[in-house]
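Read-outs throughout are calculated quantities, based only on the coordinates presented, and are distinct from any laboratory measurement. No experiment lies behind these values; they were computed from the predicted model shown. Backbone-built Cβ (ideal geometry, glycine too); neighbour counts: all protein chains shown.
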Amino acid sequence: MKNQELIDYLASCGVCRVCQLRYLKARGNEYRNMQQTFQRLDVKVEETDIKTPEDESDEQPPKKQRLAICSTCLGLFSDEFQSQLIEAISKSDFANYDSEGIVLAITLPLTLQLRQLSMWLALQRKFGKSTFNDNCAPDVPIKEAVKLILHPIVCSKLGKEYDANGLMINIDVRHSVETEEVAKLTELNRAAFPGKKRIEISRGLLEKQYQPARIKAELFEKYLAIPPAAVEDPLQLQSIDLMGPIVCVAGRYRKLSRELSHTPWVLQGKRIMEESIEEIIVQQVAPHFSDTLDKVTFMSSGREDVDVRCLGKGRPFVLEIMNARRSSLSRQEAHQMELAVDRSGKVSIHNLQVVPREELTHIKTGEEQKRKYYRALCVLNEPVTLDILKRLQISESFIIQQKTPIRVLHRRPLHTRPRSIYSVKTCVSRENRRLLIIDVVSQAGTYIKELVHGEFGRTTPSISSIIGKPIDILALDVVGIDLDWPADVNNAEVEVE
Amino acid sequence: MPPIEAGLAEEDPFAPYYFQHEEQKICGELVSSITDCYTADYPSVVDRFFTRYYYIKGGAPYQVLYHSNRICLICLAPTHPAFSEGIASVSYDVGNIDRSQNVVKGKAKKGGMILQADTTLALLTTETGTVYKIPSCIRGKLVEVNNALQTDAKQLQQAPEGAGYFAILLPKIENCDDIKANLLSQQQFEEQLKNVET
């Protein structure tokens, strides 16, 4: 079979030039200059119905005679559909998204898939199964062609770039023959796969079962035409729906209040505390990116108890903002947010910046390996002795066995976990020798309060068991988290021009 | 170690260990020193998180430390006669079953033995040879027994409050009000002690 024969046959079936190229398995930019591609593939076509790149200028002559609608793509790749699509996108909320990258997600009628099978069967009939076998589709699938043809055109017209993670433009496309042809397909399905009860007609079913190897042409033809029948109407744009990209904003937070929970604290439908770290940060940062604050996820590298402060460099956190309208953040804007959070007087954030989503792994993985630095204020029943002070200077790491603390045992499984304590350093208050200030470096996931008093012997060894005396903890501060992420940025530093 | 210099014989040996607060500014304010959190009347762990209840069986008093999250620690009341008789041993093998073989799985503590208030939880033998059947005191699921008591029961004698717990039990949420109503409160228990004395 020569390419020319194939193209002539396709043309006789009412297949458009773009789809003819699909059946020549054209790749990538071969669709851009179709005339050239046809020439290279040794196919002669009438010049008039092929556009050349120059034709694409804005002042196109008012439509040449309207071409018949392609029986395989139903006009999906026609100039008319493209301009209709561009117009519809421009009319949508599109301008309110600043994303540089876009991605099209087109929902196409099922009939396009049926028509592909019909044409496959037609080609087998015409040129034989040796040329068009059962297992290898004769065309570049429409889904792929959308990526190769529609994407570049839409991107260049809208002045954007293709980005699978960019603004998603969901396009719902319908066609007038869909209902009728799906009804026929339902009948065909019953005949082709008898015995199977009630099968939902779906895209997946079509992709899996509807191939020449499984459906005989003779059976198919009883319900649907081979080659696919001509249509009168073009595809209809049903709706355009925009979904902004996911933007990740990272930073470090510090917490000054001993009466502030990490996330909203709700018990039996009632709020225990008015505010939370999550809410204070989200309220100041997220509105810049999105209107819907409920689609924001707050994550951090661990968390501290309500009554624990987080000082030092602070704890890394990240906000994952869905459907973001804006995807960038200037240093000045970031600084304004930092100042706004500072005004809470309870939480402070810094190093605020937009980060690539891949970097979230820093927060999520290796959690157990991270070192955490704590400072605990502890009290003895009697003044400390030099001996106790010396015993609580530990520079060699040791392992403790820690049972799930009673305070969380009602909602967590009972386990005994080994945890590494890397070092212990102890000071005493000059004013009150019963008061110890203990600096602990431990593996993430260690319960420090229980490490101090031993929780009735459920954590062993504990500070209490090491000194052989009761000791209690009055206050705890997180003073460091060993994770060098996100990068340091000084947003307060204003760039001078 | 502090450097020992001539003429400074009275140097404070604690000097190298004195705490020095480092200044830091957050939210435009100086961060207060952690030592500011000290209060002289700081309540104990038990006082902070638990309510004391009592249960009397066979004339001997037992203590239930009821956590604010409904977890219960079953202990001897301080006035239990075993303390004066001297504690010799504790066993979780109560005859037909060994409670130390209790295994719980998951958040719901699946597989934990279901105990009633007067079910025997453990056996305590005193130096005088008396065997006390320690009751479960409440209706609930056995989460954990105190294995340390099996190997060294004598520690019970001086254990700080709570550390001599026999077991941790988790009652059902819907039973909690009933359970509390069936136990003696601290006040009721003290009144009863007075009545016994008079």
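Using just the Cα positions, wrap the stretch A:69-242 in a convex hull and report its mean projected area in square nanometres, one decimal place. Approximately 10.9 nm², given one-decimal rounding.
Placing one equal scatterer on every Cα of the protein assembly as shown and applying the Debye formula, the log10 ratio I(q)/I(0) at q = 0.06, 0.09 Å⁻¹ is -0.61, -0.92.
In this structure the amide hydrogen of residue A:106, modeled in the peptide plane, comes within under 5 Å of the amide hydrogens of A:171, none closer than 5 places in sequence on its chain. Under the criterion of Cα pairs below 8 Å and six or more residues apart, the relative contact order for chain A equals 14 percent.
May I ask for the Rg/Rh ratio of the stretch A:247-365, computed from Cα atoms with Rh as the Kirkwood radius, given to two decimals?
My calculation puts Rg/Rh at 0.95.
Report the Rg/Rh value for the stretch B:45-197, based on alpha-carbon coordinates and the Kirkwood definition of Rh.
Values: Rg = 14.7 Å, Rh = 15.6 Å.
So for the stretch B:45-197, dividing Rg by the Kirkwood Rh gives 0.94.
Within the straight-line cut-off of under 19 Å between alpha carbons, the aspartates and glutamates reachable from residue A:222 are A:178, A:180, A:181, A:187, sequence neighbours fewer than 8 places apart in one chain being disregarded.
Here chain A is treated with +1 on each Lys and Arg Cβ and -1 on each Asp and Glu Cβ, and its dipole about the Cα centre works out to around 2420 debye. Each part reduced to its alpha carbon centroid, the stretch A:225-264 and the stretch B:92-140 end up 55 Å apart. Solvent-free Debye calculation, one equal scatterer per alpha-carbon of the stretch B:61-100: log10 I(q)/I(0) at 0.22 Å⁻¹ equals -0.90. Put the Cα centre of the stretch A:420-497 next to the Cα centre of the stretch B:150-198 and the gap is 33 Å.
Taken residue by residue and averaged, Cβ atoms of other chains lying within 10 Å of the Cβ of B:109-115 number 1.
Where both residues lie in the protein assembly as shown, what percent of DSSP beta bridges are antiparallel, nearest 5? If you can, show how the numbers build up before the last one.
Details: 100 of 113 bridges.
Antiparallel: roughly 90 percent of the beta bridges in the protein assembly as shown.
Each listed q (0.20 Å⁻¹) maps to a log10 I(q)/I(0) for the stretch A:368-481, found by the Debye formula over equal Cα scatterers with no solvent: -1.08. Determine the distance separating the Cα centre of the stretch A:119-160 from the Cα centre of the stretch A:167-187; give it in Å without decimals. Between the Cα centres of the stretch A:119-160 and the stretch A:167-187 lies a distance of 18 Å.
Report, as an integer, the average count of C-beta atoms from other chains found within 10 Å of each Cβ along B:10-20. Mind dumping the intermediate values first?
Numbers: counts 0, 0, 1, 2, 9, 1, 3, 15, 6, 12, 3.
Mean number of neighbouring Cβ atoms from other chains: 5.
May I ask you to derive the relative contact order of the stretch A:368-481, considering only C-alpha pairs under 8 Å and at least 6 residues apart, and to give it as an integer percent?
On the way: 242 pairs, mean separation 46.4, N = 114.
RCO, the stretch A:368-481: 41 percent.
Our summary gives chain B a relative contact order of 20 percent, counting only alpha carbon pairs under 8 angstrom and 6 or more residues apart. Summing Cβ point charges (Lys, Arg +1; Asp, Glu -1) relative to the Cα centre of chain B gives a dipole of roughly 1580 debye.
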